[in-house]
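Here the structure comes first, spelled out in structure tokens, and everything after it is commentary.
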Amino acid sequence: MNTQVRYTPTAIWLHWIMAVLILGLILMGIYMSELPESPDKFALYDFHKAIGMLALLLIFARLAWRWTHQPPALPQRVSATTRKAAAAGQALLYLCMVFAPLSGWLMSSAYGHPPSFFGIVTLPELVWKNESFAETLKGVHFALTNGLLFLAVGHVVLALKHHWINKDGLLNRLKPWAN
Ligand code: HEM
Ligand code: HEM
């Protein structure tokens, strides 16, 4: 087991950049869906899709990091049950981080509006245009992004509990600067 006390700079920056992107995407998604139809609403949709595709790209970079690196070992006193719960929580976070943006891409394809990456390149349509399938995928995107929000809130509460109550320095392992 790797006993280094900090994550590598790559893992640290990927974690924080993705945390900001994901929380921003959730807020943007909720806000834009409530707007009345207008050119501004659709411009925001395009921006949401482009940032969402960036998040999808970064999650693959992050998974590549995870497959090629051992994360720092948890402190010895952490029980086997807590270790299993933490691993399960992280696995669910990773699953939602992959499938939330993928469901967005699938939904947009089914609506016939595949995402454009900031006007540089239009991504391929993953499925044929089909309004009723698009509505189903919209429900899937809603469920996965809400799942992601729910898991992220739990994750942050536990991270802050470790920091302020257990005072075991777990958050320091992810600090962009060394103490
Ligand atoms: C981690 C990435 C993403 C997150 C966290 C996210 C989050 C959200 C949220 C919270 C909503 C509002 C859901 C609702 O209230 O109905 C939403 C809507 C939407 N998202 Fe995403 N999204 C992500 C990626 C994407 C991607 C990659 C695309 C497309 C390529 C996309 C396309 C859309 C569209 C088109 C809507 C509006 C659906 C509608 O109201 O018709 N999203 N997103
Ligand atoms: C959308 C927001 C977030 C997501 C999706 C997320 C996701 C993750 C994931 C998947 C890991 C596991 C890394 C690994 O592979 O080892 C992790 C680790 C961690 N995260 Fe987050 N995170 C988010 C926000 C935050 C915030 C806001 C905090 C702090 C308050 C935080 C604190 C931590 C800590 C302390 C760890 C390391 C735990 C350890 O040392 O084992 N995260 N996060």
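Odds and ends about this structure:
- Across the alpha-carbon atoms of segment 9-174, the computed radius of gyration and Dmax are 17.9, 56 angstrom.
- Spatially, segment 118-134 and segment 1-62 are offset by 19 Å when compared through their Cα centroids.
- Most positive-pole-ward Cα, I120, A11, A55, against dipole of segment 1-129 from beta carbon charges: A11
- With a cut-off of 15 Å between beta carbons, the residues surrounding Y94 carry a summed charge of +2, where Lys and Arg count +1 and Asp and Glu -1.
- Amide H contacts of V78 (H built 1.01 Å from N, under 5 Å, at least 5 apart or other chain): none
- Estimated vicinal HN-Hα couplings, Hz - segment 22-29 in sequence order (Karplus 6.51, -1.76, 1.60; Gly, Pro = x): 5, 5, x, 5, 5, 4, 4, x
- Accessible area per residue for segment 94-179 is 63 Å², calculated with a 1.4 Å probe on protein heavy atoms, without ligands, DNA or RNA.
- Given R0 = 45 Å, the distance between the Cβ atoms of W13 and K129 translates into a calculated FRET efficiency of 0.75.
- Each Lys and Arg contributes +1 and each Asp and Glu -1, all at the Cβ; summed about the Cα centre of segment 9-174, the dipole is approximately 940 debye.
- The figure for I120 is an accessible area of roughly 130 square angstrom, using a 1.4 Å probe on the protein chains alone.
- Selected from A91, A11, A55 as most flexible by GNM, with the chain as the system and alpha-carbon contacts under 10 Å: A91
- When nucleic acids and ligands are ignored and a 1.4 Å probe is applied, V157 ends up with an accessible area of around 90 Å².
- The phi-based Karplus calculation (6.51 cos²θ - 1.76 cosθ + 1.60; θ = phi - 60°) puts the 3J(HN,Hα) values of segment 30-46 at 5, 4, 5, 5, 7, 5, x, 4, 6, x, 5, 4, 6, 5, 5, 4, 4 Hz, whole numbers, x for Gly and Pro.
- Carbon and sulfur %, accessible surface of the chain computed with the full protein complex present, 1.4 Å: 71
- Solvent-accessible surface of protein heavy atoms, probed at 1.4 angstrom with all chains present, puts F142, F60 in the order F142, F60, largest first.
- Computed over the chain: relative contact order in percent, which uses C-alpha pairs under 8 Å that are six or more apart: 26
The values are calculated or read from the model by the stated rules, or taken from the named source; none is laboratory data. Fair warning: this is a prediction, and the values are worked out from it, not measured in the lab. All Cβ positions, glycine included, derive from the backbone under ideal geometry; neighbour counts span all protein chains shown. Quick note on the areas: whole protein, heavy atoms, side chains included, nothing else; ligands and nucleic acids left out. Shrake-Rupley method; radii C 1.70, N 1.55, O 1.52, S 1.80 Å.
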